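Data first, discussion second: the structure below is written as structure tokens.
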Amino acid sequence: MDLLQTLQDLYARELNVSIASDWGNGFTVALGNERNGLTAAEHFDAGELGRAAAWLEKNAAELYPNSSLRGGQHGAETTIRS
């Protein structure tokens, strides 16, 4: 799975995604953002960032099952899963 394509797909579905880097400590990838709340977050080492696409797709499907490329309804969640 391609991370860029996954990000574009989630954006088209109106789902927020956050990616934060911490040099020497990898990346934190999350569904949601600080303004609207995080629904799930996961840490990836720098060499493992490619796994983030599968993680994002899996969690988006579980947390927002009614969201689609046609702009389905999705509710705000505030519980962080990892």
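Each reported figure results from applying straightforward, stated rules to the coordinates on display, with no laboratory input. The structure presented is a predicted model; accordingly, all values stated were derived computationally and were not measured. Here Cβ is always computed from backbone atoms with ideal geometry, including for glycine, and neighbour counts include all displayed protein chains.
What number comes out for the charge environment of Q8, summing +1 per Lys or Arg and -1 per Asp or Glu over other residues with Cβ under 14 Å away?
Numbers: positive: R13; negative: D2, D9, E14, E57.
Once all neighbours under 14 Å are counted, the net charge is -3.
May I ask you to order 15-23, 29-37 by the average number of other C-beta atoms within 10 Å around their residues, highest value first? Write down the numbers at each step before the final one.
Details: 15-23: 13.1, 29-37: 16.1.
Most protected by this proxy first, the peptides run 29-37, 15-23.
To the nearest 0.05, how large is the calculated FRET efficiency for A12 and L49 if R₀ is 25 Å and r is the Cβ-Cβ distance?
Details: r = 21 Å, r/R0 = 0.85.
That pair, A12 with L49, gives E of 0.70.
Explain nothing, just the number: dipole magnitude of the stretch 3-63 about its Cα centre with +1 on each Lys and Arg Cβ and -1 on each Asp and Glu Cβ, in debye rounded to the nearest 20.
With only Lys, Arg, Asp and Glu charged at Cβ, the dipole is about 100 debye.
Report the Stokes-Einstein translational diffusion coefficient (µm² s⁻¹, integer) for the stretch 3-63, Rh taken as the Kirkwood radius over Cα pairs, at 4 °C with viscosity 1.567 mPa s.
It comes out at roughly 111 µm²/s.
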